[in-house]
Structure formats: C-alpha cells, structure tokens
Amino acid sequence: MKFSLFHVSTLLSLALLGCHAVTPDVYWKSMLPNSPMPKSVKDLVYTAGWTDEKYTMVGVGSRGVEVGAGTPGDQTDVGVGRGGVAVHTTHRGKPVCVGVHPGPDPFNYLYAASADQLKDDPNVALFFLENDLHQGKEMKLHFTKVGPTQKPNFLPRQIADSIPFSSNKLPQIYNKFSIKPDSLEAEIMKQTLNQCESKGIKGEEKYCATSLESMVDFSTTKLGKKVKAISTEVNVKESSPLQKYTIEGAKKLVADRAVVCHKKNYAYAVFYCHKTVSTRAYVVSLVGEDGSKAKAVAVCHTDTSKWNPKHLAFKVLKVKPGSVPVCHFLPEDHVVWVPY
C-alpha cells in the first residue's frame, strides 16, 4: 500500500524571528558549487515564489503544508505525496518484496524480515551479489515513476526546525498535521520517527535530515566539502512494466566510504542518512526489453557481519552475515554522497 494523501485542513501560524530566508537550492550552490543537484532532489525543492523576505507563516492546508511571507497569493504548497519512487528488482525467480506500509525497513540492517515480506508487492527493494554487476547480466526490474506534485517537498530549514520531530511529541505532530492517531498515516509517521531515534549498527553514524540544508551539512561534515551527490535516473515518463533489464556497464566509484540517504515516508521530505566505511558504490547502466534505459545507483556492503542474521538480504540471497558483499539498487529518490 502506498503512502496515501494526508487529509489536512487546519491552518498553523508560526513566527520565524528576524532571519532572511535562504532558499535550499541557493544553499546547495553555496556549499557544493562543483556538485550538480540530482534531478530527484530538485523535484523535492520548491523554488517558485521564494524571495529574500522574512517568512512569517507556515500553514497546514487542504493541499499540504503551506509556507509563505504572510501574503496568501505568495504561499508555497508542500504537498504530501503517495510514496517515493521505488526500484523493484527480482532475484532468482519470483519477486521478494518489501511494501511501503508499516513494517520493517529493508535499509535498516538491524531488522528481521517477516514472512509477509517474502511475497509479491509493488514496492520492493531487493538485494543481489556484487559479482552480478557485470556487462550482459540480466535482472528483472520494475521502475515506477511518481510525479513531483505527488511527492512531499523539502521544507526550508527555518520552518522544518520549528516543527517537532520526536516520538515524544507525536500527539502534537498529529494535531498540527490533522492526522488521526489511529490512522495508517499516523502509524507510518511513527515508524519513521522510531527508526530515526533507534541505534544504528556498530560503526554506523546516522542522522535524519528534515531539510535539504541539514542533509548537505551532515554529508559534508562526514565526508568533507569535496563531495558529489548521485541518484538513480530512469528514462521513462511513466511506470515501466516488470521486465528484463540487461546491464550494459557498471562503473565503480573511487571512494570506499559514502553517506547514503534514504527517503522516508513522512508529511514532508525526510531522509534517513548514514555513513558507512565498508561500502562500494556503482553507477549501473541498464536497458530494458522495451528499450527504456536507466542509470541505477547500486550500493554494495562489504561487511554485513553486524547485520541482523534474519535480515531480508540473507533470506533472498541465501548467504550468511559477513560471508560476501551484499548489494542493492537504490530507489530514484534516494541519494548517495561520495567524496571526489
């Protein structure tokens, strides 16, 4: 089940004291002048109508979170979408899948997969072995597209920082976004907050970024300012069918350390970021049976010894923790940061 549209109707006013707004795209350019912003990130940045003014209002209206300078005609609508763009893959026959609904997250390596996750589902993140990344290798993949208007956008940092982001504040958060505490949306938001607050695996540095600026800051703090951001790019206008894709080439990125940021389901754009040092990243060129092409980002974890032995990856690949590198493609709206 995809993350459904929130029914929000109340209007919230917050004062942002005495600071001029710096738009997220301007902040990116100032911090990363030599690193182009991936299209998937651009799609989450709303820039129309933003000016260097004092922003005094953030509202939660019928179309989502609204941010403005106190003038109704200048409001910026930040919609709550129907889930992110997902990469669907199969390995050895029948698809093994993880749904976008309350439940374990495949990118949380401490979780144990449930029996329900080993069945067909339209939203899936599958794992494969590193030695599969070679020219001519065939994989069944399903790339889905969600339009920018269906995705929850980034809020400017000044506004994101003014909204509670803690499981201890759930009643307040639900109230601000007009979410019923017993609804599916409430459960998904609670799950995101719990993952953000949980401990990572040993040696992992993790952080949940509630704005583009904070994601940039975390990545550059961990890797330095000479970093580039890459994301999966799919050359299709609409969702392509589940079909066979052939690897045309796989380019390994030089660095053996990276920050990977996974898009989470929430009322506005939130990314679960973690730095790992036992990681290899690839950009994989793929062509489908119908001629559609993709440049998919694959991340290979060379040390899985501290993962949960019942993690989905080990069930799919029938390997043991720490035995071989485990890889997975990233959905289009996730981001990998690597030094250059």
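The values are calculated or read from the model by the stated rules, or taken from the named source; none is laboratory data. Being a predicted model, the structure only gives us computed values, none of them experimental. No Cβ is skipped: glycine too gets one built from the backbone with ideal geometry, and neighbour counts run over all protein chains shown. These area figures cover heavy atoms from the full protein model, side chains too; ligands, DNA and RNA do not enter into them. Shrake-Rupley method; radii C 1.70, N 1.55, O 1.52, S 1.80 Å.
From (1) touching a helix residue (DSSP H, G or I) at 6+ places or on another chain (Cβ under 6 Å); (2) more than 25 Å from residue 163 (Cβ to Cβ), pick out the condition that doesn't hold for residue 266.
(2)
Any idea which of (1) part of a strand (DSSP E or B); (2) in contact with a Ser or Thr (Cβ under 6 Å, 6 or more places away or on another chain) is the one residue 271 doesn't satisfy?
Among (1) part of a strand (DSSP E or B); (2) in contact with a Ser or Thr (Cβ under 6 Å, 6 or more places away or on another chain), residue 271 violates only (2).
Quick check on the range 135-153. Is at least one of its residues of a type outside the set (Phe, Trp, Tyr), at pLDDT 90 or above and open to solvent by less than 20 Å² (accessible area, probe 1.4 Å)?
Yes, the conditions are met somewhere in the range 135-153.
Can you work out which of the residues in the range 287-301 that are hydrophobic (A, V, I, L, M, F, W, C) and farther than 14 Å from residue 129 by Cβ is most open to solvent (accessible area, probe 1.4 Å)? So that I can check it myself, show each step before the final result.
So the first thing to find is which residues in the range 287-301 are hydrophobic (A, V, I, L, M, F, W, C), and the list is 287, 294, 296-300.
The next check asks that each one be farther than 14 Å from residue 129 by Cβ; those that pass are 287, 294, 296-297.
Details: 287: 34, 294: 6, 296: 0, 297: 3 Å².
Per the criteria, the residue is 287.
Looking at the range 156-166, is at least one residue of a type in the set (A, V, I, L, M) and either over 18 Å from residue 273 (Cα atoms) or touching a helix residue (DSSP H, G or I) at 6+ places or on another chain (Cβ under 7 Å) (or both)?
Pass one, the range 156-166, residues of a type in the set (A, V, I, L, M): 159-160, 163.
Right, trim to either over 18 Å from residue 273 (Cα atoms) or touching a helix residue (DSSP H, G or I) at 6+ places or on another chain (Cβ under 7 Å) (or both) and you get 159, 163.
Yes, the range 156-166 contains a residue that is of a type in the set (A, V, I, L, M) and either over 18 Å from residue 273 (Cα atoms) or touching a helix residue (DSSP H, G or I) at 6+ places or on another chain (Cβ under 7 Å) (or both).
Quick check on my filter: what residues within the range 238-286 are at pLDDT 90 or above, in contact with an Asp or Glu (Cβ under 6 Å, 6 or more places away or on another chain) and either farther than 30 Å from residue 179 by Cα or open to solvent by 10 Å² or more (accessible area, probe 1.4 Å) (or both)?
The answer is 246, 263, 275, 285.
Is there a residue being assigned to a loop (DSSP other than H, G, I, E, B) and more than 18 Å from the chain's Cα centre (by Cα) anywhere in the range 327-339? Walk me through it before giving the result.
Filtering the range 327-339 for residues assigned to a loop (DSSP other than H, G, I, E, B) gives 330-334.
The next check asks that each one be more than 18 Å from the chain's Cα centre (by Cα); those that pass are none.
The answer is no, given that none of the residues of the range 327-339 is assigned to a loop (DSSP other than H, G, I, E, B) and more than 18 Å from the chain's Cα centre (by Cα).
If residue 231 passes every condition in (1) farther than 25 Å from residue 340 by Cα; (2) within 14 Å of the chain's Cα centre (by Cα); (3) among the hydroxyl-bearing types (Ser, Thr, Tyr) but one, which one does it miss?
(1)
Is it true that some residue in the range 279-299 is within 22 Å of residue 196 (Cα to Cα) and without any contact (Cβ under 8 Å) to a residue 40 or more places away in the chain?
For the range 279-299, residues within 22 Å of residue 196 (Cα to Cα) and without any contact (Cβ under 8 Å) to a residue 40 or more places away in the chain: present.
Report whether or not residue 244 is farther than 24 Å from residue 154 by Cβ and in contact (Cβ under 8 Å) with a residue 12 or more places away in the chain.
The answer is yes for residue 244.
Is it true that some residue in the range 239-250 is closer than 25 Å to residue 25 by Cβ, assigned to a strand (DSSP E or B) and more than 16 Å from the chain's Cα centre (by Cα)?
No, there is no match, as no residue in the range 239-250 is closer than 25 Å to residue 25 by Cβ, assigned to a strand (DSSP E or B) and more than 16 Å from the chain's Cα centre (by Cα).
Testing residue 192 on (1) closer than 30 Å to residue 138 by Cα; (2) in contact with a Phe, Trp or Tyr (Cβ under 8 Å, 6 or more places away or on another chain), one condition comes back false. Which one is that?
The one condition residue 192 does not meet is (1).
Do the conditions hold for residue 304, that is, is it touching a Lys or Arg at 6+ places or on another chain (Cβ under 8 Å) and surrounded by 20 or more Cβ atoms within 10 Å (Cβ to Cβ)?
For residue 304, the condition - touching a Lys or Arg at 6+ places or on another chain (Cβ under 8 Å) and surrounded by 20 or more Cβ atoms within 10 Å (Cβ to Cβ) - is not met.
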